[in-house]
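Engineer: Input: one structure, supplied below.
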Amino acid sequence: MNARPADAAQMRPMKQADVDAVSEIEKRAYPFPWTPGIFRDCLRAGHQCWVLEAGTRLLGYGVLSAAAGEAHILNVCIAPEYQGRGHGRRLLARLVDLARWHHAHQVFLEVRPSNPRAINLYRDFGFNEIGLRPNYYPAEKGREDAIVMAMELLPPGRDWPP
């Protein structure tokens, strides 16, 4: 099956009706996936939950929590068959834009050291490694650390340095 070009994909807020399809992507993409209940809880909590779709097919999704001048990217995932086409970058850009809309000054995320594609995407986007969370993720043989990354957000129209 051929995917539509990246520019044909559209983003919209996730709905409860999307949870099963999102969970199926999550199961195919990660060895230790979030449960459908976690996605439902994120929606109920008012987190920014977005899907990227082409026609009726979900390509990926992202979840952002924003409060008190900070934002945290909780999950970004593109279905394995659609990876490597710019969809992850586009979804990440939407989440960062939403963080700005919520007046966040910083955006944080965690990523597995065993996920070099995601690490490279985040670095290319402007995230920097700021720390390590030991034993953060479940892994095949015990636990895996998380690299903590962050990006400072400047108000629109501001250049660095101030």
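The values are calculated or read from the model by the stated rules, or taken from the named source; none is laboratory data. Computed from a prediction, not measured in an experiment: that's the story for all the values here. Neighbour counts run over all protein chains shown; Cβ positions are idealised from the backbone, glycine included. For accessibility, only protein heavy atoms count, side chains too; no ligands or nucleic acids. Shrake-Rupley method; radii C 1.70, N 1.55, O 1.52, S 1.80 Å.
Engineer: Of the residues Gly88, Gly62, which single one is open to solvent by 10 Å² or more (accessible area, probe 1.4 Å) and without any contact (Cβ under 8 Å) to a residue 60 or more places away in the chain?
Structural biologist: Values: Gly62 fails: open to solvent by 10 Å² or more (accessible area, probe 1.4 Å).
When all the criteria are applied, what remains is Gly88.
Engineer: Inspect region 110-117 for any residue being buried (at least 19 other Cβ atoms within 10 Å of the Cβ) and touching a residue at least 40 places away in the same chain (Cβ under 8 Å) and give the result as yes or no.
Structural biologist: First, pick out the residues of region 110-117 that are buried (at least 19 other Cβ atoms within 10 Å of the Cβ): 111.
Filter once more, so that each one left must be touching a residue at least 40 places away in the same chain (Cβ under 8 Å): none.
No: zero hits.
Engineer: Another question about this same structure. Any residue at all in region 24-35 that is out of contact with any Pro (no Cβ under 8 Å at 6 or more places or on another chain), open to solvent by 50 Å² or more (accessible area, probe 1.4 Å) and within 19 Å of Leu121 (Cα to Cα)?
Structural biologist: Checked against the condition, which is being out of contact with any Pro (no Cβ under 8 Å at 6 or more places or on another chain), open to solvent by 50 Å² or more (accessible area, probe 1.4 Å) and within 19 Å of Leu121 (Cα to Cα), region 24-35 yields at least one hit.
Engineer: Cβ contacts < 9 Å: first residue closer than 12 Å to Leu109 by Cβ and among the polar types (S, T, N, Q), restricted to region 128-144; second residue open to solvent by less than 90 Å² (accessible area, probe 1.4 Å) and part of a strand (DSSP E or B), any location; separation 6+ or different chain. Result?
Structural biologist: From residues that are closer than 12 Å to Leu109 by Cβ and among the polar types (S, T, N, Q), the pairs are Asn128/Met149; Asn128/Ala150; Asn128/Met151.
Engineer: Also, I was wondering about something else. Considering each of Ala104, Ala68, Ala99, Ala79 in turn, give the residue that is loosely packed, with under 14 Cβ neighbours inside 10 Å and of a type in the set (A, V, I, L, M). Give the steps one after another, and end with the answer.
Structural biologist: Details: Ala104 fails: loosely packed, with under 14 Cβ neighbours inside 10 Å; Ala99 fails: loosely packed, with under 14 Cβ neighbours inside 10 Å; Ala79 fails: loosely packed, with under 14 Cβ neighbours inside 10 Å.
Step by step, each of Ala104, Ala68, Ala99, Ala79 is checked, and only Ala68 is loosely packed, with under 14 Cβ neighbours inside 10 Å and of a type in the set (A, V, I, L, M).
Engineer: Please pick out the residue among Arg85, Arg100 that is at pLDDT below 95, charged (D, E, K, R) and part of a loop (DSSP other than H, G, I, E, B). Outline the logic, then answer.
Structural biologist: Details: Arg100 fails: part of a loop (DSSP other than H, G, I, E, B).
When all the criteria are applied, what remains is Arg85.
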